[in-house]
Structure formats: C-alpha cells, structure tokens
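The values are calculated or read from the model by the stated rules, or taken from the named source; none is laboratory data. Note that the structure is a prediction, hence the values are computed from the model and not measured. Quick reminder, even Gly has a Cβ in these numbers, built from the backbone with ideal geometry, and neighbours come from all protein chains shown.
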Amino acid sequence: MTSDIRRIPVALERQPYEVVIGGKGLQGLGEELLLAGLKPGIKVLIVSNADVAGPYGEICFKSLKANGFKPTLLVIEAGEDQKTPATVSLIHNAAYEAGLERGSLMLALGGGVVGDMTGFAAATWLRGIPIIQVPTTLLAMVDAAIGGKTGVNHPGGKNLVGAFHQPRLVLIDPETLKTLPRREFQAGMAEVIKYGVIGDFELFELLEKTSRLDQPQEMDNVLLETILERSAAAKAKVVRADEHEAGLRAILNYGHTFGHVVETLCGYGTWLHGEAVAIGMVAVGELAVQRQSWSREAANRQKALIKKAGLPTSWPTLNKDAVMRTLQGDKKVKDGKIRFVIPTSIGKVEIQNDISKSEIETCLSKLS
C-alpha cells in the first residue's frame, strides 16, 4: 500500500471530523487522536473481536500508550447473530470495570458489527461518550464506520434499536485488508458498487474497467485507495447534507430495503450484510425496470458488476407474506408506505413512496 495520507472532512455543523486513510495507519492511531483534539491521559476502551484483535490489537494498544492514553482491550464475539442488546451489555460492563468517565473514549476496532455495537454502547454510556471508529473490513471502511448510525438487531428486523452518534475520528488503514477473508472483501464491494449507482458514474465505470474486484491482492494499491477515498467522500457528502436521515441520506439505503428482508428471513449470519445488499440491488434494479424507471441495459450492467465482485444475484426462496410483513416493519416505512430508493440511471437515484404491494409481489415472482 502507499504511505500517502488522505483526509476526507465530514463537515457537520455540530461535530465535524475527519476520515483519515493511509499514512502511518494503525501505528499512527495515538497521534491521530491528538490531532483530533483528544487529550493525553484519557481512558480508552478498545472493543474488538478475536480475528482482528490478534493481528492488530497490540499495535493499537502500543500506539495509544505511547501517546499518553490509557487503553483497555475488550474482545467480543462479532458475528451478525451477536449484534444484540446482550452484547452491548458486555461492553457497558467493561466500561464500568475500566472506570470510563464522560471524558473517556470507546474505540471500535473491527468490522461493521463491532462498529455498530460499540457506537451504540458509547451513545448510551453515561448518556454519551466519544467514539473512535477504526474499521478493518472494506464494508466498514466505505460505509458503516462513517456517518454515526449505530445500533443492534431486533428479532423483527435489522438495526431497529439504535442511535445517531457521530465518531470523533475514523481511521482507515488499508493494510488491514490484507488479512480480510475473501468473502468479507467481496461483501464490502457491494457498498462500493452502490456508491457508483447512486451518485458516482465515474466510479461505476472505473469498477467496470477493473479486471478483478473479488480480492485486494488482485487490485492495484493506488486503485484500492482511490476506491476507498471516493466511497468515503460520497458517504461524507450525503451525511453532511442530511445527518439524521430526514431526506437525502435515505439514498444510502439503495438495495438495503430488500437486503434487510433477506437478512431477517434467512437468519442473521446466513448472508453477510454486503451479500444481502447485492441481492437487494439486483431486486430493486428489476423493480426499476418493471416501473420503466431505468433501462434493461443499466440493470444488466449493475448485475454484471455485482457478479464480477463474486457476489450473489439470485433472490432466495422466501414466503411472500413474510416478505411483505418484514417490509412493513422496516425503518424506512413512512406513514405506512414503503420507501424504495429507485435508480433512474447509473449515477442517479430517487426515493419513491408510491410502490404498491402488487408491484412488489410481481417483481419478486419474476426473481424467484
């Protein structure tokens, strides 16, 4: 990887922060905290899982101590099926044992599940303490760690329990992708493709021109960092315009409405989040063709890119009544109407609220 440092501002009115990519990476964590205005002597609870804490926990621990911070490490189980209030309670218990005060920090070292749960724990510990996001998966780097959405799953749906809690800093070390399992990297590419569809035609074309999208070892280092930067910048731009998902930010849910159905009804952990989003993007792409919102050619280009990333494209066998019940329980339902992010061309989408149950059922019947 290159050693160039890329800083992407998330220019919020109340609490602006930076997404920092590259540079000294995890070795520079303590220095970056100081640059972000955090003071030496602060207690830091690092929350991670075993696969990440093994290769990277000690590096972060040493960097924090060398810069005057007082770190403690908590290792938790981090599968999607562990994303529950019970796991958040473990983080709260560790915060209590470590004596975390209002001026203390929590630091999420891991993928989106660790980031979501640690962020929610930070939002609710002492009514809110700062959170630092150090994502180690592609999906977390380009999506989950940026924007302040935290939460845990409920049996009725994904992320139904949560809070908006912006990080003080997001530090991305591309080197951590070298130890990321191939399936996890592919899942993250779903979110990258999403950014191309919703607002970055040049990124979409760049991905089309790239011969391999399924593992980082097959991608040029500069290309990979460019993908990280463009994706993070796209997320930052939308979050800046709509911090609490009152309107524009909903476009980031492209593919997620159907994707959350797949996750909920197939069981958390059956599909990785990015895999479910990929299936959801194909499904909503077909819905858009059915509505004549975009062309068959565009839908085919999207599907081809998803396949090139090694992601699934087929809708699973699901009970139609259960699908509709799950859709009605989704967070994006407003006034009883299901909101879908519908593509109108590659690089442009719009939010539509007038999609009927029969339209959805017709679409799903064609996908089955």
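Counting just the residues of the stretch 333-364 that are surrounded by 18 or more Cβ atoms within 10 Å (Cβ to Cβ) and under 17 Å from V262 (Cβ atoms), which one comes out modelled with the lowest pLDDT?
Per the criteria, the residue is I338.
Every residue, every condition in (1) under 19 Å from the mean Cα position of the chain (by Cα); (2) under 25 Å from L169 (Cβ atoms), yes or no:
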{"position": "S231", "(1), (2)": "yes, yes"}
{"position": "D242", "(1), (2)": "yes, yes"}
{"position": "T257", "(1), (2)": "yes, no"}
{"position": "G269", "(1), (2)": "yes, no"}
{"position": "Q290", "(1), (2)": "no, no"}
{"position": "R296", "(1), (2)": "no, no"}
{"position": "K303", "(1), (2)": "no, no"}
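Checking L160 against (1) touching a helix residue (DSSP H, G or I) at 6+ places or on another chain (Cβ under 8 Å); (2) surrounded by fewer than 24 Cβ atoms within 10 Å (Cβ to Cβ); (3) aliphatic (A, V, I, L, M); (4) assigned to a strand (DSSP E or B), which test does it fail?
(1)
Residues in the stretch 9-20: is at least one farther than 30 Å from Q82 by Cα and small (G, A, S)?
So far as the stretch 9-20 goes, yes, one or more of its residues are farther than 30 Å from Q82 by Cα and small (G, A, S).
Quick check on R168: is it modelled with pLDDT of 90 or more, among the basic types (K, R) and within 20 Å of E275 (Cα to Cα)? Working first, answer last.
Working: modelled with pLDDT of 90 or more: yes; among the basic types (K, R): yes; within 20 Å of E275 (Cα to Cα): no.
No: the conditions fail for R168.
Mind checking which residues of the stretch 35-52 are surrounded by fewer than 21 Cβ atoms within 10 Å (Cβ to Cβ) and in contact with a Cys (Cβ under 8 Å, 6 or more places away or on another chain)?
none
If we scan the stretch 113-125, do we find a residue that is of a type outside the set (K, R) and under 19 Å from G25 (Cβ atoms)?
Taking the stretch 113-125 as the starting set, the residues that turn out to be of a type outside the set (K, R) are 113-125.
Going one step further and asking which of them are under 19 Å from G25 (Cβ atoms), we end up with 114-115.
Within the stretch 113-125, one or more residues are of a type outside the set (K, R) and under 19 Å from G25 (Cβ atoms).
For the stretch 11-29, how many residues meet the condition of being of a type in the set (S, T, N, Q) and either crowded, with 23+ Cβ neighbours inside 10 Å or closer than 26 Å to A94 by Cα (or both)? Reasoning before the result, please.
Within the stretch 11-29, the subset of a type in the set (S, T, N, Q) is 15, 27.
Next, from what is left, pick out any that are either crowded, with 23+ Cβ neighbours inside 10 Å or closer than 26 Å to A94 by Cα (or both): 27.
Number of matching residues: 1.
Which one of E97, E77, E32 is surrounded by fewer than 19 Cβ atoms within 10 Å (Cβ to Cβ), under 25 Å from the mean Cα position of the chain (by Cα), on the phi < 0 side of the Ramachandran plot and of a type outside the set (F, W, Y)?
Details: E97 fails: under 25 Å from the mean Cα position of the chain (by Cα); E32 fails: surrounded by fewer than 19 Cβ atoms within 10 Å (Cβ to Cβ).
From the options E97, E77, E32, the qualifying one is E77.
Just wondering, is there one or more residues in the stretch 176-190 that are out of contact with any His (no Cβ under 7 Å at 6 or more places or on another chain), under 26 Å from R102 (Cα atoms), modelled with pLDDT of 90 or more and among the charged types (D, E, K, R)? Outline the logic, then answer.
Restricting attention to the stretch 176-190, the residues satisfying the condition of being out of contact with any His (no Cβ under 7 Å at 6 or more places or on another chain) are 176-186, 188-190.
The next check asks that each one be under 26 Å from R102 (Cα atoms); those that pass are none.
For the stretch 176-190, residues out of contact with any His (no Cβ under 7 Å at 6 or more places or on another chain), under 26 Å from R102 (Cα atoms), modelled with pLDDT of 90 or more and among the charged types (D, E, K, R): absent.
Going by the structure shown, is G79 closer than 21 Å to G111 by Cα and touching a Ser or Thr at 6+ places or on another chain (Cβ under 9 Å)? So that I can check it myself, show each step before the final result.
On the way: closer than 21 Å to G111 by Cα: yes; touching a Ser or Thr at 6+ places or on another chain (Cβ under 9 Å): no.
When the stated conditions are applied, G79 does not pass them.
Those residues that are over 14 Å from the mean Cα position of the chain (by Cα) and surrounded by 21 or more Cβ atoms within 10 Å (Cβ to Cβ), I need them from the stretch 124-137; list them, please.
Taking the stretch 124-137 first, the residues over 14 Å from the mean Cα position of the chain (by Cα) are 124-132.
Passing the criteria: W125, I129, P130, I131, I132.
Anything in the stretch 163-212 that is assigned to a loop (DSSP other than H, G, I, E, B) and under 18 Å from the mean Cα position of the chain (by Cα)? List them, or say none. Write out each step before concluding.
Step one: of the stretch 163-212, the residues assigned to a loop (DSSP other than H, G, I, E, B) are 165-168, 173, 180-181, 200, 210-212.
Scanning the stretch 163-212 gives H165, Q166, P167, R168, D173, L180, P181, D200.
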